[in-house]
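Right, one structure below, let's go through it.
The values are calculated or read from the model by the stated rules, or taken from the named source; none is laboratory data. Please read these numbers as outputs of a predicted model, since none were measured by experiment. Backbone-built Cβ (ideal geometry, glycine too); neighbour counts: all protein chains shown.
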Amino acid sequence: MTDHLIGLLLGAEDDWPRAYEALLRRLGAVTAPDGGKHRVRSVRVSIEPFDLRAKPQHELVIDRLAHWYYHPREWLKKIALMDDVYLLNSPFTFQSMEKHAAYCAMMRLGLKVPPTVLVPYKNPVENSRWAYTAARYNQPFDLDAVAETIGYPLYMKPYDGGAWVGVSKIRNREELHAAYDASGERLMHLQQSVEGFDVFARSLSIGPETMVMKFRPELPMHDRYAVDHSFLTPETGDEVVTISRLVNAFFRWEFNSCESLVRGTEVHPIDYANACPDVAVTSLHYYFPWAMAALLRWTVFCVVTGRRPRLDMDTARYFAIADDPQLSYAEKLAGYRRLADEYFEVDRYQEFCATALAHVDELVLEWVTSTEFDSLLKETVRATYPPHEHDRFLGHFGGLVDAWVRDQG
C-alpha cells in the first residue's frame, strides 16, 4: 500500500474543506491501473518558520491562502522548486491573477476581450521616490479623452481586484471622475461594457473538469447561480469551456473560475483569473457536490499517477497558433483546446476515473444524503446568517441540494 498526503492551505473557509476531508476518508484504498494499492489522506497546513532545505511530507497542496499571505506563498514556491510538490495553482503566476497580465495574454491569443486601458494611480503611492519620478516622467493625460476612445458605458475596475470590490459602471463624465477620484491608490482598468449581452456565464474548472453555470451578479450571493442546464447552445457552451481550459493550461492554474458575457454567438471573457474561486456550499448549493467530486478526482489522480508539476509556461506553442494567419478563430480555439487537453492529460484522466474512481459519483451521492452532510449544511448556515434567517436558508439550500439528488436518479 502506497500512502499519499495532500495538504490544505486554508484561510477562513471551513465548509468545503470539511466536505473534501469527509469524502477522502470515505474513498478508502484506490487501485491504480497498474494494480497498485494507494491510500490518500489530507492534513491542514499550519504556518510556521520553514527551512529551505526541509523536505515536506505533502505530495500535493491545495492552496486557498497564498494569493494574499506572502509567507505561505514563499513556502509554496520553495516546495515547487525544490521538492516537486504538485500545486493546483502555480505561485509563479499569481501576478497574472491580478487581471492585467491575464487580459494581455488572452488578447494576444485573439480572444474577444473588450477594449481595455490601464490608467495611472489617482493618488501618489507610499514611496519616497514618487514625487521625483512623477514630476519628471508622469505625463499629464486627459481621462475624458481616454473614456471617449473606449466609449460609454464602460467599467472601471481594479487591476488586482476580486469579489467585485471597487468595480463601477461608468455612464458619463461625472461618474467617470467620481469613480477615479474614489480609486485613490488603487490601479484601475477602464474596460468597454458589453452592452446587450444575453447571458452571464461563470465556469468553475478543477483540473480537466469544467462546470458552466448561469450567473446573475445583480442578485444576492445565495441566488447568483441559477440551476439551468440549457442556457447556452452546445456550441457556445463548448467555447466557454475551451476558453476556461485555455486560460488554466496557459497559466498553470487548475482550480479557477472564468466569467464571460455571451452576446448572440460571441463569447467575451471579462474576468478569468481567480486565485481563490468560490466553492462555498452557500453559493454553489446545487453544484457543490459536483465541485467536491471533481476536486476529489483530480487530486487523487495527480498523486496516485505521480503527475509532475509543470513550472515552465510553454507560451510559444500557444502564440504559434495565435499568429497563424491561415487559421480562423474557430480553428485557433480548437488548437488551444488540443494544447489544454494535452496539458491536463484528459484521455489518461478519463481512463483513470473510469477504472480507479468509478465509484466516486455514488460515494458523493451517499455522502450528500447522509447526516454528516446535513450537519455540515446546518452549521455553515448558522455560521453565515443571522438567527432569524436560519430556517429560511436551511430550506433554500436544502431544497436545491435535494434537487441535485433527485437529478442523479
Quick one: which residue in VAL262, VAL240 is farther than 24 Å from LEU365 by Cβ, part of a strand (DSSP E or B) and either over 16 Å from the mean Cα position of the chain (by Cα) or without any contact (Cβ under 8 Å) to a residue 40 or more places away in the chain (or both)? VAL262
List the helices (runs of 4 or more DSSP H) inside region 119-200, counting only whole elements, that have at least 1 residues being of a type in the set (A, V, I, L, M) and within 25 Å of HIS67 (Cα to Cα). 173-183
Do we have ASP142 as at pLDDT below 95, of a type in the set (D, E, K, R) and surrounded by 12 or more Cβ atoms within 10 Å (Cβ to Cβ) here? no
Going through region 195-230 in order, the residues found to be surrounded by 19 or more Cβ atoms within 10 Å (Cβ to Cβ), over 16 Å from THR282 (Cβ atoms) and among the aliphatic types (A, V, I, L, M) are ALA201, ILE206, VAL212
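Residue by residue, here is whether (1) modelled with pLDDT of 95 or more; (2) within 16 Å of HIS285 (Cα to Cα); (3) part of a helix (DSSP H, G or I) holds:
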position	(1), (2), (3)
ARG310	no, no, no
ILE321	yes, no, yes
GLN326	yes, no, no
LEU400	yes, yes, yes
Being among the aromatic types (Phe, Trp, Tyr), in contact with a helix residue (DSSP H, G or I) (Cβ under 9 Å, 6 or more places away or on another chain), over 20 Å from THR242 (Cα atoms) and not assigned by TED's automatic domain parsing to the domain that holds SER183 narrows TYR121, TYR152, TYR86, TYR159 down to just TYR86
Testing SER230 on (1) among the hydroxyl-bearing types (Ser, Thr, Tyr); (2) over 30 Å from ASP314 (Cβ atoms); (3) in contact with a helix residue (DSSP H, G or I) (Cβ under 7 Å, 6 or more places away or on another chain), one condition comes back false. Which one is that? (3)
Qualifying positions in region 72-123 - among the hydrophobic types (A, V, I, L, M, F, W, C), over 19 Å from LEU52 (Cβ atoms) and either buried (at least 18 other Cβ atoms within 10 Å of the Cβ) or in contact with a His (Cβ under 8 Å, 6 or more places away or on another chain) (or both): LEU88, PHE94, MET97, ALA102, ALA105, MET106, LEU109, LEU111, VAL113, VAL117, LEU118, VAL119
Identify all residues within region 243-259 that are touching a residue at least 60 places away in the same chain (Cβ under 8 Å) and on the phi < 0 side of the Ramachandran plot; write none if there are none. ILE243, ARG245, LEU246, VAL247, ASN248, ALA249, PHE250, PHE251, TRP253, GLU254, PHE255, ASN256
Only residues that are farther than 11 Å from HIS268 by Cβ and of a type in the set (A, V, I, L, M): list them for region 186-201, please. LEU187, MET188, LEU190, VAL199
Suppose we filter region 60-77 for residues that are under 18 Å from ARG307 (Cα atoms) and either in the same structural domain as ASP278 (by TED's automatic domain parsing) or assigned to a helix (DSSP H, G or I) (or both); how many remain? 2
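Every residue, every condition in (1) at pLDDT 95 or above; (2) assigned by TED's automatic domain parsing to the domain that holds ASN172, yes or no:
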{"site": "GLU185", "(1), (2)": "no, yes"}
{"site": "MET188", "(1), (2)": "no, yes"}
{"site": "SER203", "(1), (2)": "yes, no"}
{"site": "ILE206", "(1), (2)": "yes, no"}
{"site": "MET213", "(1), (2)": "yes, no"}
{"site": "GLU218", "(1), (2)": "no, no"}
{"site": "MET221", "(1), (2)": "no, no"}
{"site": "TYR225", "(1), (2)": "yes, no"}
Any residue at all in region 320-335 that is within 19 Å of the chain's Cα centre (by Cα) and in contact (Cβ under 8 Å) with a residue 24 or more places away in the chain? no
I need the full set of residues from region 181-194 which are crowded, with 21+ Cβ neighbours inside 10 Å and in contact with a helix residue (DSSP H, G or I) (Cβ under 6 Å, 6 or more places away or on another chain), in order please. LEU190
Reported set for region 351-365 where residues are in a helix (DSSP H, G or I) and in contact (Cβ under 8 Å) with a residue 60 or more places away in the chain is GLU351, PHE352, THR355, VAL360, ASP361, LEU363, VAL364, LEU365
Only one of ALA273, ALA280 is surrounded by fewer than 21 Cβ atoms within 10 Å (Cβ to Cβ), within 24 Å of GLU98 (Cα to Cα) and aliphatic (A, V, I, L, M). Can you tell me which? ALA280
